[in-house]
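To start, the structure itself, in structure tokens.
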Amino acid sequence: VHAQGDTYQVVADVSQFEPPDIVVTTSNCHVTIQAEKVAEDGTVCDTFTHKCQLPEDTDPLSVSCALTEAGTLVITARRR
């Protein structure tokens, strides 16, 4: 978790996954990033999981995420 001015930022490289394969959830100042690549035969061929705790002064309603063209997932949240 990086602090930049009045926001916190979490960055993850998920370039090997397609956007529909990526799920981001938040709960009690915890962010979880999960991604799963499924082969044509239905088997899971690649997974990614990252969990981190946001600082206590994070505004939980301000958490948002964006996926860049290069496949970098950027999660931002405002500080209270």
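The values are calculated or read from the model by the stated rules, or taken from the named source; none is laboratory data. Computed from a prediction, not measured in an experiment: that's the story for all the values here. Note that we place each Cβ from the backbone using ideal geometry, even for glycine, and neighbour counts take in every protein chain shown. The accessibility values were calculated without ligands, DNA or RNA, using every heavy atom of the protein model including side chains. Shrake-Rupley method; radii C 1.70, N 1.55, O 1.52, S 1.80 Å.
General observations
- Residue check, Glu56 at pLDDT below 95, closer than 16 Å to Val1 by Cβ and loosely packed, with under 12 Cβ neighbours inside 10 Å: yes
- Subset of segment 36-53 that is open to solvent by 80 Å² or more (accessible area, probe 1.4 Å) and hydroxyl-bearing (Ser, Thr, Tyr) - its residue that is farthest from Arg79 (Cα to Cα): Thr47
- Among the residues of segment 26-35, the one identified as at pLDDT 95 or above and open to solvent by 40 Å² or more (accessible area, probe 1.4 Å) is Gln34.
- In segment 63-79, the residues that are closer than 17 Å to Asp6 by Cα, open to solvent by less than 70 Å² (accessible area, probe 1.4 Å) and either more than 15 Å from the chain's Cα centre (by Cα) or without any contact (Cβ under 8 Å) to a residue 24 or more places away in the chain (or both): Ser64
- The set of residues in segment 1-23 being within 20 Å of Glu69 (Cα to Cα), part of a strand (DSSP E or B), β-branched (Val, Ile, Thr) and open to solvent by less than 50 Å² (accessible area, probe 1.4 Å) consists of Val10, Ile22.
Yes or no, residue by residue, for (1) under 13 Å from Gln9 (Cα atoms); (2) part of a loop (DSSP other than H, G, I, E, B):
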residue: Thr32; (1), (2): no, no
residue: Glu36; (1), (2): no, no
residue: Asp41; (1), (2): no, yes
residue: Lys51; (1), (2): no, no
residue: Glu56; (1), (2): no, yes
residue: Leu61; (1), (2): no, no
residue: Cys65; (1), (2): yes, no
residue: Leu73; (1), (2): yes, no
residue: Ala77; (1), (2): yes, no
